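What follows is a short report on a single structure.
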Amino acid sequence: MATDTTHFEFEPGFTDNRLRVVWYAALAVLLLIGGAAMILRITEGMTSTNLTSTTPWGAWVAFYIYFVGLSAGAFLVSTLANVFGVSGMHRVDRDALFAAIISMVVALMFVWVDLGRMDRMYFPFIWRQLTSALSWEVHAYVAYIAVLVTELYFSMRIDLARVAERGSGLRAGLSGLLTLGRRSTSEASRVTDRKWLTRAGIVGIPLAIFLVHGGTGILFAVSKARPYWNSGLFPVIFVVSAVLSGTALVMMLYVLRTKLFDDEPVDRDLLNRLAVLLAAFIVVDAALTGIEMLIAIASLHPHEVETWAVILFGEMSWSFWWFMVGMGWLFPLVMLSKREWRETPWLMVLAGLSVVIGIIAVRFNIVVPAQILPVMEGLPHGSYFPSLVEWATSIGMIAVGLLLYTIGAELLPLTPLDRGDH
Amino acid sequence: MSSSNDDVQPGVPAVETAAMDAMVEIERADPREELAKTDHDTELGIAMAEDAKRVSRGDISAEAYWEKYDAAAEREFGDAYRETPNPSIQSTDQTIDAGTADSLSCTVGSIESVACEIDAASADEMDAATDGNRTRWGMVIDLQKCVGCDSCTVACKAENRTPPGVSYNVVMEEEHGEFPNVTRTNVPRPCMQCEEPPCVQVCPVSATYKMDNGVVNIDYDRCIGCRYCMIACPYGARYFDFGENYDDEVEGAGEITSPEYGVDRGKRQDGESPIGNVRKCSFCTHRLERGEEPACVETCVGDARNMGDLNDPDSDVAEMADSTRSFQLKESEGTDPNVYYLK
């Protein structure tokens, strides 16, 4: 192993100290804004939102399913390396797992803020309802986070042990703690780690696809009162768009971390592989959404047709055309169309960012349109755009996620010490 | 005692006590005439009544009284006397001594013990008939009688003290056709209290559930405010309590709240349930429990709304719900509402 012979140096994190300061300062500003908004949210209660009894779910629910999807997608990318042994992917597996954990933390924060009674957040673990998708989901999330943490542990343990053994300072101390006492760096211990990594991954794949994110789709799809959601294809699209956003995130993080933290050349083969994968997922996502729309319109069910009319031509149709179609599908597809572009790191960061933002619009266009038309003729129509408090708290919670990720990336060996080339 | 004219109160007639007693005498029924109306011995009745007055004055003891009349009463009333508990013989608060009580022929036991037996018997009856005969509250709204005055909505807000943005009952007003051939339908919409409620199905903490009497309950102390039930309700009958108040409109608006589902929560307070919870019509459970109709039913000017037991085939609502004019909202949803409409 290369690290055995060379001088041991473990200093992940920003190579440019000025960039570090700028980044943390920017996060601090966002956290302050978010914190102030959170105080308003708690003191004023739900009146601080633009939600109504006609449109009871809004931005927070949209971001919640967005981050659950991001997490499921990132996790599934990690299994390409850990379970399916796709070559060259080990370089990104820890990053994907770590991002998946942070995404779940952010997702759960959004659910929490969305509760009318934030103080009762633990009630779903005391009282249950077997027929409620949400009741099952809450438990699936906990199991899923446990799998993610287990995966990351077995993926990273050997490097944690190496850092603890040979490094010094805060990072070595922290790494030593995180090995949970298993400090061997022998080949045998690596084989054991790999074995358990694969096992946890095998449990995690159906959990992530069917229970965590498919389940979140089911949560919507079972609502017969909202015909727009009440379709069998709905949970499938949920999972596909999750994988799409997860792949984009992992690709973006790979480039950014390699450039800004590791200061190494980007592996163009790996980048190209991720980019091709991303393009394939975009095509599947767009196609399935198209099928879903055609079935809905062909049904001539008034509620379905009118809901699609709201999405395509309504007040908020810009979010569909510009963000969902434009940033989520068209722009990245163009970026991904030439091999030369696919191997250009900064273009891929742009394409990844575009998808990651575009999928936010996908989530909003899932949650909101079904609550615009009244469930019965004669009841009031809904109209919803998030309030300033909703936006600012959302930004704050996302900033918490970015902060946690950055701290983790600065302290942990997220990039394999052997560069994942075994 | 005599009242003087000096302390006469305004509006209170100045009448001497003796005059009042005389007035009572005029109104008092003649004992002989009253007793003559019964099949029983008038003389025995008069004698017992006179001696009873002596007992209450303390002239004779209760023991002496019952020893004197026990045999005569048994002769006169037979089995009925023996089977009726004697108010003087109480297991906890007996007014005559044990020896005398034992010697009497009336030994059925205390009133309390008899009352308990009656309760137990009727409880057994209820248990046996739980599924068949339990009350299932239902509402039938005659759309031909509804004039669209919205007084049900107003009565509901007044009764349940619902905050701004929460209205358990609304009247959906629809106009169809083109002038001059237009029709207007008013469809009042309370909670349907579905037999198969989708809201109950989705609640992650089972805070909303069906009660034995057919009403869908919300436990405000358990609801976490996730609003999934509002998404699932096909009738838009559920409302979120955002914590707003009518303070600008009414002084002391939150001073009194309605004891919904029979729970008195006192004053409306920030951060206290039901603020942050989902709310809906309860068929005025608190009124049903004291034998009153829901406020909307009571107030309806055209008598369009009817309340009753759908499980009782002879009730008005059951007969109306069976009529050919009857229908439910969104029957295809499979929710089987307990609110029926007449076309």
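So A:Leu30 fits all but one of (1) touching a residue at least 40 places away in the same chain (Cβ under 8 Å); (2) out of contact with any Ser or Thr (no Cβ under 9 Å at 6 or more places or on another chain); (3) over 24 Å from B:Ala232 (Cα atoms); (4) within 14 Å of chain B (Cβ to nearest Cβ); what number is the exception?
Condition (4) is where A:Leu30 drops out.
How many residues are at the interface with chain A (Cβ under 10 Å from one of its Cβ atoms) and within 25 Å of the chain's Cα centre (by Cα) if we restrict to region B:147-169?
Count: 1.
Going through A:Leu180, A:Leu160, A:Leu174, A:Leu170 one at a time, which residue ends up being farther than 30 Å from A:Ile291 by Cα and crowded, with 23+ Cβ neighbours inside 10 Å? Write out each step before concluding.
Working: A:Leu180 fails: crowded, with 23+ Cβ neighbours inside 10 Å; A:Leu174 fails: crowded, with 23+ Cβ neighbours inside 10 Å; A:Leu170 fails: crowded, with 23+ Cβ neighbours inside 10 Å.
Selected residue: A:Leu160, the only one of A:Leu180, A:Leu160, A:Leu174, A:Leu170 that is farther than 30 Å from A:Ile291 by Cα and crowded, with 23+ Cβ neighbours inside 10 Å.
If I filter region A:393-416 for residues that are under 17 Å from B:Met230 (Cβ atoms), assigned to a helix (DSSP H, G or I) and touching a residue at least 24 places away in the same chain (Cβ under 8 Å), do I get at least one hit?
no
Could you grab me the full set of residues in region A:273-317 that are in a loop (DSSP other than H, G, I, E, B), without any contact (Cβ under 8 Å) to a residue 24 or more places away in the chain and in contact with a helix residue (DSSP H, G or I) (Cβ under 8 Å, 6 or more places away or on another chain)?
The answer is A:Ser299, and nothing else.
What tally of residues in region B:160-190 results from selecting those that are of a type in the set (D, E, K, R), touching a residue at least 24 places away in the same chain (Cβ under 8 Å) and not in a loop (DSSP other than H, G, I, E, B)?
3
Test A:Phe320 against the stated conditions and say whether it is touching a Ser or Thr at 6+ places or on another chain (Cβ under 8 Å) and either outside any loop (DSSP other than H, G, I, E, B) or among the β-branched types (Val, Ile, Thr) (or both).
Taking the combined requirement at face value, the residue does not satisfy it.
Where residues in region B:202-240 are farther than 17 Å from A:Val113 by Cα and of a type in the set (Gly, Ala, Ser), which of them is farthest from the chain's Cα centre (by Cα)?
B:Ala232
Can you tell me which residue among A:Leu249, A:Leu270, A:Leu353 is within 22 Å of A:Ile209 (Cβ to Cβ), surrounded by 17 or more Cβ atoms within 10 Å (Cβ to Cβ) and touching a residue at least 24 places away in the same chain (Cβ under 8 Å)?
Testing whether each residue is within 22 Å of A:Ile209 (Cβ to Cβ), surrounded by 17 or more Cβ atoms within 10 Å (Cβ to Cβ) and touching a residue at least 24 places away in the same chain (Cβ under 8 Å) leaves just A:Leu249.
Which of (1) surrounded by fewer than 22 Cβ atoms within 10 Å (Cβ to Cβ); (2) more than 30 Å from A:Ser48 (Cα to Cα) does A:Asp95 not meet, given it meets every other one?
Condition not satisfied by A:Asp95: (1).
Identify, by number, the condition in (1) within 14 Å of chain B (Cβ to nearest Cβ); (2) on the phi > 0 side of the Ramachandran plot that A:Gly13 doesn't meet.
(1)
Just checking, does region B:91-105 include any residue being at pLDDT 65 or above, outside the structural domain of B:Ser273 (by TED's automatic domain parsing), hydrophobic (A, V, I, L, M, F, W, C) and loosely packed, with under 10 Cβ neighbours inside 10 Å?
There is at least one residue in region B:91-105 that is at pLDDT 65 or above, outside the structural domain of B:Ser273 (by TED's automatic domain parsing), hydrophobic (A, V, I, L, M, F, W, C) and loosely packed, with under 10 Cβ neighbours inside 10 Å.
Restricting attention to region B:316-338, report how many residues are buried (at least 16 other Cβ atoms within 10 Å of the Cβ), part of a helix (DSSP H, G or I) and away from every other protein chain (no Cβ under 14 Å).
Residues meeting the conditions: 4.
Of the residues B:Val182, B:Val187, which is more than 7 Å from every other protein chain (Cβ to nearest Cβ), over 21 Å from B:His286 (Cα atoms) and over 24 Å from the mean Cα position of the chain (by Cα)?
B:Val182
Considering A:Tyr228, A:Tyr254, which residue is within 18 Å of A:Ile101 (Cα to Cα) and not polar (S, T, N, Q)?
On the way: A:Tyr228 fails: within 18 Å of A:Ile101 (Cα to Cα).
Going through A:Tyr228, A:Tyr254 in turn, just one is within 18 Å of A:Ile101 (Cα to Cα) and not polar (S, T, N, Q): A:Tyr254.
Please work out which residue is nearest to the other protein chains (Cβ to nearest Cβ), limiting yourself to region A:107-144 and to residues that are in a helix (DSSP H, G or I) and among the aromatic types (Phe, Trp, Tyr).
Checking each candidate, the answer is A:Phe123.
Considering only residues that are surrounded by 17 or more Cβ atoms within 10 Å (Cβ to Cβ) and not in a helix (DSSP H, G or I), which ones fall in region A:323-342?
If the condition is that a residue be surrounded by 17 or more Cβ atoms within 10 Å (Cβ to Cβ) and not in a helix (DSSP H, G or I), then A:Leu336 is the only one that fits.
Just to be sure I understand, how many residues within region B:25-54 are loosely packed, with under 10 Cβ neighbours inside 10 Å and hydrophobic (A, V, I, L, M, F, W, C)?
Qualifying residue count, region B:25-54: 2.
Go through region B:207-224 and report how many residues are over 19 Å from B:Gly243 (Cα atoms), of a type in the set (A, V, I, L, M) and in a loop (DSSP other than H, G, I, E, B).
The qualifying residues number 3.
Can you tell me how many residues in region A:79-125 are closer than 30 Å to B:Ser206 by Cβ and in contact (Cβ under 8 Å) with a residue 24 or more places away in the chain?
13
Mind checking which residues of region A:224-238 are touching a residue at least 60 places away in the same chain (Cβ under 8 Å) and either within 12 Å of chain B (Cβ to nearest Cβ) or buried (at least 22 other Cβ atoms within 10 Å of the Cβ) (or both)?
A:Ala225, A:Arg226, A:Pro227, A:Tyr228, A:Trp229, A:Phe238
Condition test on B:Gln193, is it part of a loop (DSSP other than H, G, I, E, B), at pLDDT below 95 and either farther than 16 Å from B:Glu260 by Cβ or of a type outside the set (Lys, Arg) (or both)?
Considered against the rule, which asks whether it is part of a loop (DSSP other than H, G, I, E, B), at pLDDT below 95 and either farther than 16 Å from B:Glu260 by Cβ or of a type outside the set (Lys, Arg) (or both), B:Gln193 comes out as no.
If you check A:Asp114, A:Asp95, A:Asp119, which single one turns out to be charged (D, E, K, R) and closer than 14 Å to A:Thr247 by Cβ?
Matching residue, one of A:Asp114, A:Asp95, A:Asp119: A:Asp95.
Tally the residues that are more than 16 Å from A:Glu377 (Cα to Cα), in contact (Cβ under 8 Å) with a residue 24 or more places away in the chain, assigned to a loop (DSSP other than H, G, I, E, B) and within 7 Å of chain A (Cβ to nearest Cβ), restricting the search to region B:225-241.
Residues that pass the stated criteria total 2.
How many residues are closer than 11 Å to A:Phe123 by Cβ and either more than 9 Å from chain A (Cβ to nearest Cβ) or surrounded by fewer than 21 Cβ atoms within 10 Å (Cβ to Cβ) (or both) if we restrict to region B:194-224?
Going through region B:194-224 one residue at a time, the tally reaches 4.
Of all the residues that make up region B:249-271, how many are loosely packed, with under 14 Cβ neighbours inside 10 Å and either within 14 Å of chain A (Cβ to nearest Cβ) or aliphatic (A, V, I, L, M) (or both)?
Count: 5.
The values are calculated or read from the model by the stated rules, or taken from the named source; none is laboratory data. Remember, predicted model here, so these are calculated numbers, not experimental data. Positions of Cβ are generated from backbone atoms using ideal geometry, with glycine treated the same way; all protein chains shown enter the neighbour counts.
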